[in-house]
Amino acid sequence: MMDSVPPLFGLLLAGGRSTRMRRDKAALQYHGRAQLEAAYDLLAKVTVQAYVSVRADQAADPLRRRYPQIVDRDDHMGPLAGILAAQQRHPEAAWLVLACDLPFLDEATLQHLDKHRDRAGLATAYRSSHDGLPEPLCAVYEPASALPLARYAAAGRNCPRKFLLEQSAKLLEPLHAAALDNVNSSTDYWQTMQTLSATAAASLTLRVQYFALLREQAGRRDESLVTAARTPAELYTELQAKYGFSLPLEMLRVAVNAEFGDWHQPLQDGDAVVFIPPVAGG
């Protein structure tokens, strides 16, 4: 009698704190909708059942709560916490684990991973096109990996890449070099949006406030506008051309939603943006 083939479940890792990005990476839009939506739909096409991995304090988030969830049991273990929680939830399944910040990923890459995975081993991953190391967040973890992974974590270790290296996981060459490029920082985001078609960036409706000299030159205190600008820097360049602002960007600070921000951080629909000129006097 043949052993039963374990079902392939999907786990979309969306529990990160997005510290370097300065805003939730799962909500960023690269193709006209939130990246979490696009990644989940992609994962659902190649798995029997897909889940979103979240921290406990994210479970009620309006974006994440629309999807089946698996909640991390330990917030301090990074992605490994999500993988362990998934394996505990469904120990009978193999898990296709996917990071939420891969805007260039396509269905063919996931299909290829499933087709060529080592079902008799512990795990199968793609080899990074940048350094040749395993990409642990686009990988299949077989049911047999659950116990070794739990022991690995119990020893105080939390790096899934090192786990794959030590276990000699099967490594595949990526179909497309950029498919597994992730977006971790505002600089990464800016470069990604430059690479993607300009039509991938949806028009945004923003609220902009002006102070001091900028208010005088714009002839208004604030306004609501529709723009294709993807960052505060692009927005200021657009408004500088419109109103003839004389202050260079380097002399200003920018705040997004009442918090000082980065000139290259991604803007989202509904954001409130304030350009702050230098304070006169001493």
For the range 242-262, give me each residue that is in contact with a helix residue (DSSP H, G or I) (Cβ under 6 Å, 6 or more places away or on another chain) and touching a residue at least 60 places away in the same chain (Cβ under 8 Å). ASP262
Of (1) touching a helix residue (DSSP H, G or I) at 6+ places or on another chain (Cβ under 7 Å); (2) outside the structural domain of CYS100 (by TED's automatic domain parsing); (3) free of Cβ contacts under 8 Å to residues at least 60 places away in the same chain, LEU239 satisfies every one except (1)
Confirm whether LEU84 is touching a residue at least 60 places away in the same chain (Cβ under 8 Å) and touching a Lys or Arg at 6+ places or on another chain (Cβ under 9 Å). yes
List every residue pair whose Cβ atoms sit under 8 Å apart, with the two residues 6 or more apart in sequence or on different chains, where the first one lies in the range 167-185 and is over 14 Å from ASP131 (Cα atoms) and the second, anywhere, is surrounded by fewer than 20 Cβ atoms within 10 Å (Cβ to Cβ) and of a type in the set (Gly, Ala, Ser). ALA169/GLY121; LYS170/GLY121; LEU175/ALA108
Can you tell which of ALA233, ALA229, ALA177 is touching a helix residue (DSSP H, G or I) at 6+ places or on another chain (Cβ under 8 Å), aliphatic (A, V, I, L, M) and not in a helix (DSSP H, G or I)? ALA229
Scanning the range 85-102 residue by residue, the ones that are of a type outside the set (Gly, Ala, Ser) and buried (at least 22 other Cβ atoms within 10 Å of the Cβ) total 8
For the range 208-235, how many residues meet the condition of being surrounded by 15 or more Cβ atoms within 10 Å (Cβ to Cβ), farther than 15 Å from ILE276 by Cβ and aliphatic (A, V, I, L, M)? 2
(1) crowded, with 20+ Cβ neighbours inside 10 Å; (2) without any contact (Cβ under 8 Å) to a residue 40 or more places away in the chain; (3) among the small types (Gly, Ala, Ser) all hold for GLY156 apart from (1)
Tell me whether the range 44-55 contains one or more residues that are modelled with pLDDT under 95 and in the same structural domain as PRO136 (by TED's automatic domain parsing). yes
Going through the range 104-148 one residue at a time, which ones are part of a helix (DSSP H, G or I), buried (at least 18 other Cβ atoms within 10 Å of the Cβ) and of a type in the set (Gly, Ala, Ser)? SER145, ALA146
Mind listing just one residue for me: the one in the range 236-267 that is of a type outside the set (A, V, I, L, M, F, W, C) and in a strand (DSSP E or B) and, of those, surrounded by the most Cβ atoms within 10 Å (Cβ to Cβ)? ARG253
Quickly run through the range 12-57 and pick out the residues that are assigned to a strand (DSSP E or B) and more than 14 Å from the chain's Cα centre (by Cα). GLN49, ALA50, TYR51
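The values are calculated or read from the model by the stated rules, or taken from the named source; none is laboratory data. Note that the structure is predicted; figures quoted are calculated from it, not measured. All Cβ positions, even for glycine, are placed from backbone atoms using ideal geometry, and neighbour counts span all protein chains on display.
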